[in-house]
Amino acid sequence: MERGMGMKKLLIANRGEIALRIIRTCKKMKIQTVVVYSEADAELPYIKEADKAYLIGPPQVSQSYLKMNEILEIAKKEKADAIHPGYGLLSENAQFARMVEEAGIIFIGPSPAIIESMGDKIKARKTMIEAGVPVVPGQENESADLEAAKLFASEAGYPVMLKASNGGGGVGMVRCDNEQALTQHFESTKKRSQAYFGSGSLFIEKYIANARHIEVQIFGDTNGNVFHLFERNCSMQRRNQKIIEEAPSPNLSQSARENILEIAVLAAESVGYKNAGTIEMIVDEEENAYFLEMNTRLQVEHPVTEMITGIDLVEWQINTAQGLPLPIQDQHEITEQGHAIEYRVYAEDPFTFIPSPGLLSEMEVSAGEGIRVDYGYQKGNKVTPFYDPMIAKIIIHAQSREECLEKSKKVMKDSKIEGLKSNIPLFTALMDAEEFKRGNYHTQTLQNILKGEKK
Amino acid sequence: MKEIQSSMAGTVFQLLVGEGDSVTAGQTVIVLESMKMEIPVEAQMDGTVGEIKVAEGDFVNEGDVLVVLA
């Protein structure tokens, strides 16, 4: 790992908007980029922007972006100094990180041991309890035993959340309001867990009503310091997946905010975290915060943090991975300015969330000061059913939340996405929703708004 | 011929019926996975499953016949 400032070439083991976003920083740092792509992605912009691109297989991720050996072989052949995994795909795969390191290539992220311990929700939870970090009442259910799950639920009280121990991104997670629902969802959750995450091990926890999802961007430097880059509120969700993230979090008292940031740093320090990571937390109606999970990678919504702090997180990641110090030594040197909101533009029906693959015949988002668009597709590209439906992220920055919303409204109105359905109409509708305007929303709010409930 | 077609392009995630099973209108017979989302495909009418044209893991296009009802 003693490579000093020598990073000249980097392979990106990812696709779409995040690959393009990493390329942007690499260009700034004068690092050459190598990308891989599947047959379905041959026309995407990130391939044209990279210095070199390799076709690695058919569309299905299991036959392309998840082929560890093939990706590693390309990195070796290209004499890449490092591999950036982006988010999703291989980003939290400890085995891959280990293989990369063993090949003498820098893996941009924390150590394989940390990826492993935080990737296993049960282990992560134990580690956090030992470190004194508050967690939601819950129980591991490694053998996926229904009776044990029922017992826990009756003691903790319904509703409960049932999820894959190794899961993430809201996949394989289901809320059960009573014993009947728990019984009904048990087998399918187990099967989904097996299919998506390679293990039938389940986790059951108490469901916190009207919870907010607030997370903290943290960063561990090469000297063992852990800094936070403030929080992001990611409570606007559909299907347990984020669609809007903002920073700072609205409607959060200063003392609760300080507590959340403190918990996050403590959590990251307790594992000796290095590089970029996120501590996800659940915040209840009394502003109590509980550790949910740690993401040992760059997050989809990292631009929100970049917009308020002016920091390029990918640049920090690359430098830290090659043993270089951060440009700051003290927490107080990280400052925030204004308000930022990210909107995830999905190719889907805006109100039923049914995916809408197809040809993107038009895609235009107005540019301007304080408007950042991280896109994965452009006009003329085909959005295929093989991957997540996200086609772009629109990030708006302004001096205040009010201004940010005003600007957002205009950007949504002027955006043109045609040929397939997008969720822009949902964002437009949300601009007029009281809950969003006031910043007073939780993870069920979107669903309630769509149901027409006043809550 | 009573056919159940795929409502969209995706991968067959779960087959919920077997040949010879009787199904009722509105019953979910197959779950597709598209863009990381599970999409249930329902029978449009009552009937008996005559033939299943796909297997779990198969990729299907919009309009492909998944199940034929007898």
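Annotations for the structure displayed:
- Within the accessible surface of segment A:64-149, defined with a 1.4 Å probe on protein heavy atoms only, the carbon and sulfur portion equals 49 percent.
- Interface area, A with B, accessible, probe 1.4 Å, both sides summed, Å² nearest 100: 1500 Å²
- For chymotrypsin sites (Phe, Trp or Tyr not before Pro), no site in segment A:3-66 is both called loop by DSSP and has at most 11 other Cβ atoms within 10 Å.
- For segment A:155-314, carbon and sulfur atoms together expose 44% of the accessible surface, with a 1.4 angstrom probe and every protein chain in place.
- Taking the average, over residues, of other Cβ atoms within 10 Å as the packing measure, peptides A:23-30, A:405-412, A:234-241 rank A:234-241, A:405-412, A:23-30 from highest down.
- Relative contact order %, chain A, counting alpha carbon pairs below 8 Å whose residues are six or more apart: 15 percent
- Volume of the convex hull of chain A (Cα atoms only), normalised per residue: 136 Å³.
- Averaged per residue, segment A:81-190 has 41 square angstrom of accessible surface, using a 1.4 angstrom probe with ligands and nucleic acids left out.
- Among the trypsin sites (Lys or Arg not before Pro) in segment A:51-133, those located in a DSSP loop and surrounded by at most 13 other Cβ atoms within 10 Å of their own Cβ are A:Lys79.
- Selection of GluC sites (Glu not before Pro), segment A:339-377, meeting DSSP coil and at most 14 other Cβ within 10 Å: A:Glu369
- Chain B: relative contact order in percent, alpha carbon pairs under 8 Å with at least 6 residues between: 45 percent
- Residues losing 10 Å² or more accessible surface upon assembly, segment B:1-42, compared with the chain by itself, 1.4 Å: B:Met8, B:Ala9, B:Thr11, B:Phe13, B:Gln14, B:Glu33, B:Ser34, B:Met35, B:Lys36, B:Met37, B:Glu38, B:Ile39
- Expected-Rg normalisation [2.2 N^0.38 Å, Cα atoms] applied to segment B:2-69: 0.97
- Length released on extending from A:Leu266 to A:Gln180, taking residue separation times 0.36 nm less the Cα-Cα span: 27.1 nm
The values are calculated or read from the model by the stated rules, or taken from the named source; none is laboratory data. Here the structure is a predicted model, which means the values were calculated and not measured. Quick reminder, even Gly has a Cβ in these numbers, built from the backbone with ideal geometry, and neighbours come from all protein chains shown. With ligands, DNA and RNA removed, areas are computed over all heavy atoms of the protein, side chains included. Shrake-Rupley method; radii C 1.70, N 1.55, O 1.52, S 1.80 Å.
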